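All of the numbers you see were taken from the coordinates with simple rules; none came from a lab. Small disclaimer: the values here were computed from a predicted structure and weren't measured. Positions of Cβ are backbone-derived with ideal geometry, glycine not excepted, and every protein chain shown enters the neighbour counts.
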Amino acid sequence: MNGLHGPRRYSVHHLTEYSYEEDVTMSFGRAMLRPRDTPQQRVDQHEVAISPEPDVLEESRDAFGNYSHYVEISNPHTTLAVTKTSTIDVEWPLPDLGALNAWTVAEAAAAICADPAIDPFERAAFQLPSRIVTLGETERGFAEELLPSSMPLGEAIETAYRRIYAEFTYTKGVTSISTTLPEVIAAREGVCQDFAHLAVASFRAVGIPARYVSGYIETSAPAGQVKLEGSDASHAWASVMVPGGGWVDLDPTNDHLADSRYLVTAWGRDFRDVSPLKGIVFTDGGSSKLRVAVTVKRLD
């Protein structure tokens with residue numbers, strides 16, 4: 001089997017640290033701190049450390065099966081640090097895109113819609129538009145040109161990640177969570193979050209459910225250099241439902257399908273469903289600073 005699709009074992013260390021000008025007297029947050037088990041991965045160990053010590057730390061599952069944490073802190077503080085450490089075993093199979101060419105895009109959409117074995121909530125949640133994955137005239141026009149109804153499904157999946165990679169430029173700082181998909185399409189640049197949203201929107205627009213996936217990808221240091229601790233980052237990609245209810249994950253930022261370098265934290269309709277940490281703080285200070293340090297280390 002291709003080495004990128006064989007079994008691998010990783011440790012992931014993720015620090016999120018907020019620094020405030022003045023004391024925060026109360027803090028309420030919602031976080032995605034624990035990676036989930038999937039058909040491709042098993043979480044062997046997981047730990048969370050929060051400083052200052054929270055008054056309340058509750059773990060639950062959201063509607064998509066992700067681990068969701070509620071955090072409440074009443075101790076005055078000028079720094080909030082959230083550290084999560086996981087050990088994960090991963091093995092992604094190589095999808096058979098040739099077999100998926102048995103359906104056209106239109107036939108696949110019809111088959112998924114008519115299949116009584118597919119969870120209707122999952123099908124609807126990942127097919128309808130969401131707050132960020134909008135399906136207006138611009139988005140639909142882009143999707144219909146990218147994924148014509150007569151295109152074989154396997155070819156369509158490959159076309160989606162290859163063309164977005166080729167036609168859009170990865171540029172940090174040009175977009176934010178408020179940047180719309182029509183703006184991304186017009187600018188032809190963005191980051192992994194934007195390209196994942198665009199791929200998801202394209203498949204939803206042609207009737208095929210797709211979800212936004214948040215997690216990590218193993219990276220390597222440039223030739224002759226040592227990889228620095230904390231130099232990795234969180235990552236995002238798209239996952240597309242295929243006839244029968246299975247899923248194929250594709251990464252338009254890096255021009256390939258997901259493989260055993262990919263580690264899943266959560267998935268949802270868009271970024272807002274899987275935001276690593278969000279909430280409300282009470283402080284007299286006017287600004288804050290954010291520091292994120294991620295290390296993905298292969299253990300085997």
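The residue list 113, 86, 153 was ranked by how far each Cα lies along the charge dipole of the range 83-171 toward its positive end, using unit charges on Cβ atoms, and 86 comes out on top. In debye to the nearest 20, how big a dipole does the range 97-273 give about its Cα centre with +1 on each Lys and Arg Cβ and -1 on each Asp and Glu Cβ? Dipole about the Cα centre, nearest 20: 220 debye. Using Cβ point charges alone (K and R +1, D and E -1), the dipole size of the chain about the Cα centre works out to roughly 260 debye. The phi-based Karplus calculation (6.51 cos²θ - 1.76 cosθ + 1.60; θ = phi - 60°) puts the 3J(HN,Hα) values of the range 116-121 at x, 7, 7, 4, x, 5 Hz, whole numbers, x for Gly and Pro. In the chain, helices alone account for a calculated mean residue ellipticity at 222 nm of -6500 deg cm²/dmol, with every DSSP H run of four or more residues adding -39,500 (n - 2.57).
Using θ = phi - 60° in the Karplus curve 6.51 cos²θ - 1.76 cosθ + 1.60, the 3J(HN,Hα) couplings for the range 206-215 round to 9, x, 10, x, 8, 10, 8, 10, 10, x Hz; x is entered for Gly and Pro. Most mobile of 248, 12, 174 per a Gaussian network model of the chain (Cα springs, under 10 Å)? It is 174.
How much net charge surrounds residue 109 when only other residues with a Cβ under 13 Å from its Cβ are counted (Lys, Arg +1; Asp, Glu -1)? Neighbourhood net charge equals -1. When the chain is treated as a GNM with alpha-carbon contacts under 10 Å, the residue of 207, 285, 190 showing the greatest mean-square fluctuation is 285. Pick out, from 205, 234, 95, the residue whose Cα sits farthest towards the positive end of the charge dipole of the chain, with +1 on the Cβ of Lys and Arg and -1 on the Cβ of Asp and Glu. Going by the charge dipole, the pick is 95. Largest GNM mean-square fluctuation among 118, 217, 157, using the chain with Cα springs under 10 Å: 118. Shown in residue order for the range 80-88 are the 3J(HN,Hα) couplings computed by the Karplus curve 6.51 cos²θ - 1.76 cosθ + 1.60 at θ = phi - 60°: 10, 10, 10, 10, 10, 10, 9, 10, 10 Hz (x for Gly and Pro). Divided by 2.2 N^0.38 Å, where N counts the residues, the Cα radius of gyration of the range 97-273 comes to 1.02. Which of the listed residues, 66, 76, 54, is farthest toward the dipole's positive end in the range 36-86, when Lys, Arg count +1 and Asp, Glu count -1 at the beta-carbon? Final value for the positive-end residue is 66. Evaluated with a Cβ-only charge set (Lys, Arg +1; Asp, Glu -1), the range 111-189 carries a dipole of roughly 240 debye about its Cα centre, given to the nearest 20.
For the chain, the Kirkwood estimate of the hydrodynamic radius, built from every pair of different alpha carbons, is 20.3 Å. When N counts the residues of the range 1-126, how does its alpha-carbon radius of gyration compare numerically with 2.2 N^0.38 Å, as a ratio? The reported ratio for this selection is 1.49. Rg then Dmax, both in Å and based on the Cα atoms of the range 65-131: 20.8, 60.
Going from the fewest other Cβ atoms within 10 Å to the most, the residues 142, 121, 126, 203 appear in the order 121, 142, 126, 203.
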